[in-house]
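The next block holds one structure in the form of structure tokens; read it before the comments.
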Amino acid sequence: MTKAEIGNGRRTREIIQKYGVHAKKGFGQNFLTDLNVLTGIVDAAEITKADNVIEIGPGLGALTEQLAKAAGEVVALEIDTDLLPILDDVLAPYQNVKVLNQDVLKANLPELIQTQFTDPKRPIKVVANLPYYITSPILMGLLNSPVQWAAICVMMQKEVADRLTAKVGTKQYGALTLAIEYSMTAHEAFGVSRHAFVPAPNVDSAIVVLTPRPTPLPVEPFDRQKLFKFIKACFAHRRKNLWNNLKPVIGKDHDQQDQAGQLLERLGIERTVRPEALTLNQFIELANGFHKLAII
Ligand code: SAM
């Protein structure tokens, strides 16, 4: 008799029982047990046999199995050594999957791609049901890496997904939204109830798909890292207006304050505007102007 798929609720429970698995909160372990969601993720990422896939956190292998069926090759990075023998066992039927015992935050992704995939030139997609406690560091690590991702399709807490895909002027719009927009286009594919997981987390989730920006940035920043430090300072106190957030950046020097005020005027930006009303281009123009004035 052929076995049910790993993400089938009954099969997951069998695996948990057979290997005595205790989901580790510290590693953000919530296992997906809904095949519609699992195949939905693979569809949202538009995985084909021409793709190389990196999966972060294979867990019990439920998503890995669906990826193995759809992709050319899958390399999965799992931090929890206790899960490795289980993954070895349940993924044995799939020859195109490698599971590596690695912390994704410490992994050298360009080297891993070169050494682990048979054909590293194929499009590289990241697919994951993320460990929620490190969603932002993982995303930032992926975006700051020199790898050209064909797509990043990841499940996260719904509230974080809303921040990633937020429109300018909304409460959710902030430094994270802008960091994504800098290099990618984000869209929320679908929401997922907490009841699709074992154990159920305390929050609902959503799948976000990031694809490369179709057009380059109209204005180049003087320095990407410093731009984002500047943007963070602009959002330091969300209830304060832009000028009040900028005060600690500008300092007490009256000349500098005047010059900064004139710069805002030249750019058509009101001092009383809220930071969430500014577009990425406006932040870049502002940061470039502050740099020219030797303020940052
Ligand atoms: N993919 C599985 C699923 O969908 O059922 C499990 C997802 S679970 C939300 C997150 C997984 O990420 C766990 O297997 C956990 O052990 C793993 N993980 C946590 N921190 C990690 C890290 N820093 N690097 C790699 N994997 C990690």
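Descriptive notes on the structure:
- Percent accessible area from carbon and sulfur atoms, the chain, protein chains only, probe 1.4 Å: 50
- ³J(HN,Hα) computed for each position of region 134-142 - Karplus, 6.51 cos²θ - 1.76 cosθ + 1.60, integer Hz, glycine/proline x: 10, 4, 5, x, 5, 4, 5, x, 5
- Residues whose amide H falls under 5 Å from that of GLN102, counting only those 5 or more places apart or on a different chain, are GLU78, ILE79, with hydrogens built in the peptide plane.
- A full extension of the chain between ASN244 and GLU5 corresponds to an added length of 80.5 nm, given 0.36 nm per residue minus the alpha carbon distance.
- Contact order normalised by residue count of region 163-264, Cα under 8 Å, 6+ apart, percent: 19
- Average projected area [Cα convex hull, region 112-217], square nanometres: 8.0
- Converting phi to 3J(HN,Hα) with the Karplus coefficients 6.51, -1.76 and 1.60 and the offset θ = phi - 60°, region 11-28 yields 5, 4, 4, 4, 5, 4, 5, 4, 9, x, 6, 10, 4, 8, 4, x, 9, x Hz in sequence order, with x at every glycine or proline.
- Backbone phi angles across region 244-255, fed through the Karplus curve with coefficients 6.51, -1.76 and 1.60 (θ = phi - 60°), yield HN-Hα couplings of 5, 6, 7, 3, x, 6, 6, x, 8, 5, 5, 4 Hz in residue order; Gly and Pro are listed as x.
- Two-site FRET efficiency, THR170 against LYS229, from Cβ-Cβ distance with R₀ of 30 Å, rounded to 0.05: 0.85
- Cβ-derived FRET efficiency at R0 41 Å, PHE222 paired with GLN114, nearest 0.05: 0.85
- Remark on ASP204: its backbone amide H falls under 5 Å from those of LYS158, a criterion applied only to residues 5 or more positions apart or on other chains, H modelled at 1.01 Å from N.
- In percent, rounded to a whole number, the relative contact order of the chain is 15, using alpha-carbon pairs under 8 Å and six or more apart.
- Coordinate range along principal axes, alpha carbons of region 1-141, Å, largest first: 39, 34, 26
- Radius of gyration and maximum dimension Dmax of region 44-110, Cα, Å: 11.3, 32
- Taking region 111-227 and dividing mean pair separation by its residue count, relative contact order in percent (alpha carbons under 8 Å, at least six apart): 25
- Based on alpha carbons, the Rg and Dmax found for the chain are 22.0, 80 Å.
- For region 87-145, the solvent-accessible area works out to 51 Å² per residue, with a probe of 1.4 Å and every protein chain left in place.
- Helix-derived mean residue ellipticity, 222 nm - over the chain, DSSP H n ≥ 4, -39500 (n - 2.57), to 500: -11500 deg cm²/dmol
- Hydrodynamic radius of region 192-289 per Kirkwood, over alpha carbon pairs, in Å: 16.0
- Amide H within-cut-off set for ALA189, under 5 Å, with H built and near neighbours excluded: ILE207, VAL208, VAL209
- Rolling a 1.4 Å probe across the protein heavy atoms gives region 189-296 an accessible surface of 57 Å² per residue.
- Of LYS24/LYS158; LYS24/LYS232; LYS232/LYS292; LYS25/LYS69; LYS3/LYS49, those spanning more than 26 Å from alpha-carbon to alpha-carbon: LYS24/LYS232; LYS25/LYS69
The values are calculated or read from the model by the stated rules, or taken from the named source; none is laboratory data. Computed from a predicted structure; not experimentally measured. FYI the Cβ positions are ideal-geometry reconstructions off the backbone, even for glycines, and counts take in every protein chain you see. These area figures cover heavy atoms from the full protein model, side chains too; ligands, DNA and RNA do not enter into them. Shrake-Rupley method; radii C 1.70, N 1.55, O 1.52, S 1.80 Å.
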